[in-house]
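**Student:** Here it is: the structure, laid out below.
The values are calculated or read from the model by the stated rules, or taken from the named source; none is laboratory data. The model shown is predicted, which means the values in this text are computed figures rather than measured ones. Glycine also receives a Cβ, built like all others from the backbone with ideal geometry; neighbour counts cover every protein chain displayed.
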Amino acid sequence: MKTIEEIILDYTSGKTGLPETNEALKAAGSDLYLNPDRNKLTEEEMRSTTVGYYPDQANGYGLMDHGVGCMEKVHVVNGKTVDVNMGAETAYVYIAGKKYELKGDTLVEPEG
């Protein structure tokens, strides 16, 4: 069985759609549910999303987990979130099948 993180990475990479992702999350025993009104990544958004070797090469749309039980859709330009600054709080961004830690408004490789 896939982990919750693997399920979210599959969704942000386009391997699975939103309904299949929610089914997989439920089957994994997760309380997490992706809201179609808030978390849906459109085909256009997914096609315009790219990541590279370095975090500052990430551009497009992903999902942010900031530990409150729901995920937020975020827009990333050159490795920085457009409308979100988490300050010193811990958050993670899942984008195009990759996971980054969010430091303030900047994507970085996750620690550990």
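**Student:** Restricting attention to region 19-35, report how many residues are out of contact with any strand residue (DSSP E or B) (no Cβ under 9 Å at 6 or more places or on another chain) and either under 25 Å from Val77 (Cβ atoms) or crowded, with 16+ Cβ neighbours inside 10 Å (or both).
**Tutor:** So the answer is 4.
**Student:** Of all strands (runs of 3 or more DSSP E) completely enclosed by the chain, which ones contain at least 1 residues that are in contact (Cβ under 8 Å) with a residue 12 or more places away in the chain and within 11 Å of the chain's Cα centre (by Cα)? Even if it seems obvious, please write down each step before you answer.
**Tutor:** Numbers: elements: 60-65, 71-77, 92-95, 98-103, 106-108.
Those strands (runs of 3 or more DSSP E) span 60-65, 71-77, 92-95, 98-103.
**Student:** Residues Asn59, Asn35, Asn85, Asn78: which one is closer than 22 Å to Glu6 by Cβ and either at pLDDT 95 or above or not acidic (Asp, Glu) (or both)?
**Tutor:** Working: Asn59 fails: closer than 22 Å to Glu6 by Cβ; Asn85 fails: closer than 22 Å to Glu6 by Cβ; Asn78 fails: closer than 22 Å to Glu6 by Cβ.
That would be Asn35, the only listed residue that is closer than 22 Å to Glu6 by Cβ and either at pLDDT 95 or above or not acidic (Asp, Glu) (or both).
**Student:** Can you go through Thr16, Thr49, Thr106, Thr3 and tell me which one is of a type in the set (Ser, Thr, Tyr) and exposed (fewer than 14 other Cβ atoms within 10 Å of the Cβ)?
**Tutor:** Details: Thr16 fails: exposed (fewer than 14 other Cβ atoms within 10 Å of the Cβ); Thr49 fails: exposed (fewer than 14 other Cβ atoms within 10 Å of the Cβ); Thr106 fails: exposed (fewer than 14 other Cβ atoms within 10 Å of the Cβ).
On inspection, the qualifying residue turns out to be Thr3.
**Student:** Quick one: which of Glu101, Glu44 is among the charged types (D, E, K, R) and touching an Asp or Glu at 6+ places or on another chain (Cβ under 7 Å)? Give the steps one after another, and end with the answer.
**Tutor:** Numbers: Glu44 fails: touching an Asp or Glu at 6+ places or on another chain (Cβ under 7 Å).
Being among the charged types (D, E, K, R) and touching an Asp or Glu at 6+ places or on another chain (Cβ under 7 Å) holds for just one of Glu101, Glu44, which is Glu101.
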